[in-house]
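Below: the structure, in structure tokens.
The values are calculated or read from the model by the stated rules, or taken from the named source; none is laboratory data. This structure is a prediction, so every number in the text was calculated from the model and none was measured. Cβ placement follows ideal geometry from the backbone for every residue including glycine, while neighbour counts extend to all protein chains displayed. The area values use the complete protein model at the heavy-atom level, side chains included, leaving out ligands, DNA and RNA. Shrake-Rupley method; radii C 1.70, N 1.55, O 1.52, S 1.80 Å.
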Amino acid sequence: MNLLTPSRRLASWIDRRRRAILIASAVTFVVGAALASRLPVRGDFANLLPPDAQSVQDLKALEGRARAFGTVMVVIEADDPALRARAADVMKRKLQALPAGLVAQVTWDDADARRFAWQNRFLYASIDDLVDARDALREHIRAAKLKGNPLYVDLEDEPDRDPAPDERTRRLRDKIADAERAKDAPSALVSKDGRVQLVLVRTPFAAAEVSQGSALVAELDAAATEARRVAPGAAVGLTGDVITTMHEHRSILEGMVLATVLTVVVVGAGLLLYYRTAIGVLCLLWALAVSAVATFAFTWAAIGHLNLATAFFSSIIVGNGINFGLILLARYGEERRHGRRGVDALAQSIGGTAAGTLTAALTAAVAYGSLVVTQFRGFRHFGIMGGVGILLCWVGAYTVLPAALAVWERRGRLSPGREPAIGRFLVRLVPLRGATTLAAGLALAVGAGAAAISYVASRPFEVDVRKLRSENAAIAEARRWQTTADRAFGVGISGGFVIAVPDRAQARRVVDRLREVDAGKPEAERMFQRVTSLDDLLPADQERKLGVLADIRSLLDRNADKLDDADREDATRLRPPDDLRPLGDADVPEALAWPFTERDGTRGRLVLANIGDRFDQWNADDLVAFAAAVRELDLGPDVLLGGSLFVFADVLASMEVDLPVATLCALLGSVLVVAMMFGVRRHGVITLVCCVAGTTLMLAVASLIGLRVHFLDFIALPITVGIGIDYAANIVARERQEGSGGARRAVATAGGAVALCSFTTIVGYASLLLSQNRGIRSFGLAAIIGEATCLAAALVLAPGMLIALGRRVRRSRQPDEDGRRLTM
């Protein structure tokens, strides 16, 4: 009676306030749903690391300096160059009509570069050509003077000269003529074979702005459709960071919705088959829905967004958070079938299940909470959401669910249902001989432990970055067009990373340092494929060139009367202007300087670089090695390295440190919870042994099937620790209520509900297998393995140990009991 006193008080309180509780739950659901609907999904890797990570700090500092923009590459391909050009003309006309809010700049050709080069042609001529021109001009004037005055004597020292001054002059004249023709005939971005043409679209927003990106892509898709119609046989495709980000975002959202809907439908069907009471199942689902929505409302208030790790939390919370309500509803049906009604049935159900489910909830909260100690901001968020969400689900199961049951029972609409047959089946799995189970379990544990140690020691991390991305027809199409562009124009025409320096002079030193690394190396061994800065757009050796140009101008001005009419006309056209001056950063047209221009208009402090062929951009180990190599170059104080590859490298590097720390925290926290709820005797020890067995066996199975671990799978191991205690705790708690020797009865009664708990959780994880993101699918598989091993430990190992240890306890007590009988 003492055990049921608190539960009777709670049951009476809920029964009296049942309508108020349901009204409050409805308000919570409506308000929570409104807040949860405002949660954005951020799919970039930067949201997985904490703000104090170096790569994230650099990226944020860069975002404050560099202008945010995205890139779309329009790739036009055709065997017939005329057809390709016709399709390109359509795209050009359509793009010119797009609003400024969607397009900041479109690059069709090199017209801007050619015009700028022509306007400053004297400074862009090579110093050798200018010196040749000056020397040739001197000789030409000397020859003209000799021809006009046979008595002319040249008093200057005669240096060694090219014997063909007219050839040098002609060569310079031809170069200038070519440059003049080129300024009016820009070259489109066409591959050498003429089959592929490229149009680069720069957006005024970052690639992560999915809503604006979607609007732009819709316009580009319509333009591409029109181009294909006008030029049948020409193929038009879209790629670039705006395209891939949009498709990744859509795949995550679509997968999240599909996983949630599928989980609810399949779980609901399973519950109906198990409980055979539609109203009871609806009450359970309502309590779960309120708790889940409240969790996402909390997430909106505390975090503000979802990321790659938390986007699929809805299906996980549905599959895992429902467990407490499942256990309570199963016990409630059992009490109703035994003839109890109203408060009595609720009190018995609450009192009989609270200890086991609370232990499970606390250990699950600890398992989720262990992720808070990691460096991953995304995993911290997952830990916060999981810890809070699982506790809210427990509270909902013991407030909203009993209130709903009380309302429907008073109306006479709630059937207790039939006793599930699965309990009788599960009892057959319980070993009759506990000692045999212990021996077999020990042998299995040794084998599984060895396999688990070998698996962890083999560093089973996934290194293929492509397997962390989504996979669908649209993404495959974008990747195909990216490959086409790379083959036609070279890998790295887009992408790369940014280096920001504090001052203009340091930019030159950084570029020199980066180029020095690859000096004299073949292309396949270079660390950087390309390093560019604003200096690459400005003429080199300007001061020397200006001196030579001044000499040329002086020679022409002083000796113009010595030249014949044809030479004088040619000299006038080639005469350097009087106002020539060194070109500076501000002279470069915006169309060329924008990659090196900051938000405040400052130019020249940004350097662009692309990873070289020495590193595989799709290999995680290569990315980590490249990031480390760049950081070891010691580019100077306050130099910022910005790019997703540095963020991703930090994610991978910290994963190896965080995994054992989080798992250890989950295990230690679970030990404390079990010790607090069950003590450190038989029931507590068995619960912990089942946890370790389930987790170890999970690793052994992962090793057996060759499962590779990535940063999303990382979550599965600490969660499995919580699950391993969840199921065993409910079996052990029921056996303790039944008394020593009640292991089989515990399985017959609570075992079915535990199996149902596992079923709902597996459904939640299995829904992730339908995700288009391969990383999320892998996580779902890892979690399913953990579910299966923990369930096996709870339904086979736990009762076997209870039987074996229970017999030892009874034998140890027998002499005392006999002695007391004799004394009496």
Keeping to pairs on different chains or 8 or more places apart, tell me how many lysine pairs in the chain have Cα atoms under 17 Å apart.
-> 4
Dipole check, the stretch 330-484, charges on Cβ (K,R +1; D,E -1), about Cα centroid: among SER349, LEU392, LEU444 the Cα furthest to the positive pole belongs to SER349
About the Cα centre of the chain, how large is the charge dipole given +1 on each Lys and Arg Cβ and -1 on each Asp and Glu Cβ? Please answer in debye to the nearest 20.
-> 6560
Taking the mean number of other Cβ atoms within 10 Å as a proxy for protection, how do you rank 720-733, 413-426 from highest to lowest?
-> 720-733, 413-426
Rounded to the nearest 10, the angle in degrees between the Cα long axis of helix 752-766 and the longest principal axis of the Cα atoms of the chain comes to 10
Report, please, the projected area of the stretch 208-339 averaged over directions, based on the convex hull of its C-alpha atoms, in nm².
-> 11.8
Using the Kirkwood formula over every pair of different C-alpha atoms, what hydrodynamic radius in Å results for the stretch 225-273?
-> 14.3
Does anyone have the angle between helix 434-457 and the longest principal axis of the chain? Alpha-carbon axes, 0 to 90°, nearest 10?
-> 10
How would you order 773-783, 685-695, 62-72 from highest to lowest mean count of nearby Cβ atoms within 10 Å?
-> 685-695, 773-783, 62-72
For the stretch 75-123, what value does the Rg/Rh ratio take when both radii are computed over Cα atoms and Rh is the Kirkwood radius, given to two decimals?
-> 1.11
Take the stretch 673-713, drop everything but the C-alpha atoms, weight them equally and run the Debye formula without solvent; then report log10 I(q)/I(0) at 0.14, 0.19, 0.33 Å⁻¹ to two decimals.
-> -0.47, -0.64, -1.04
Would you work out what percent of the accessible area of the chain, with all protein chains in place, is carbon or sulfur (probe 1.4 Å)?
-> 58
How many nm is it between the label spots at ALA34 and ASP193, if each spot is 7 Å from the Cα in line with the beta carbon?
-> 6.1
Sort 250-257, 448-455 for me by packing, meaning the mean count of neighbouring Cβ atoms within 10 Å per residue, highest on top.
-> 250-257, 448-455
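Below 8 Å, C-alpha to C-alpha, sequence gap of six or more: please give me the relative contact order for the chain in percent.
RCO, the chain: 22 percent.
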Can you list the residues, at least 5 places off or on another chain, whose amide H is less than 5 Å from the amide H of VAL41, using H built in the peptide plane?
-> LEU306
Compute the convex hull volume of the Cα atoms of the stretch 628-692, divide it by the residue count, and report the result per residue in Å³ as a whole number.
-> 127
Using only Cα atoms, find the angle between the long axis of helix 542-559 and the longest principal axis of the chain, and express it within 0 to 90 degrees, rounded to the nearest 10.
-> 20
Under a plain spin-label model, where a point goes 7 Å from the Cα along Cα-to-Cβ, how far apart in nm are GLN617 and ALA524?
-> 2.0
Relative contact order as a percentage, the stretch 664-756, C-alpha pairs under 8 Å and 6+ apart, gives 30
So, relative contact order of the stretch 236-341 in percent, Cα under 8 Å, 6 or more apart, is 37
With the charge dipole of the stretch 652-777 built from beta-carbon charges (+1 for Lys and Arg, -1 for Asp and Glu) about the Cα centre, the Cα from VAL732, VAL671, ALA743 projecting farthest to the positive end belongs to ALA743
Using only helices, what value at 222 nm comes out for the chain when you add -39,500 (n - 2.57) per DSSP H run of length 4 or more and divide by the total residues, to the nearest 500 deg cm²/dmol?
-> -21500 deg cm²/dmol
Which three lengths, in whole Å and largest first, does the chain cover when its Cα atoms are put on their principal axes?
-> 153, 52, 44
Using the beta-carbon distance between ALA20 and ARG411 and R0 = 25 Å, what value does 1/(1 + (r/R0)^6) give for FRET efficiency, to the nearest 0.05?
-> 0.90
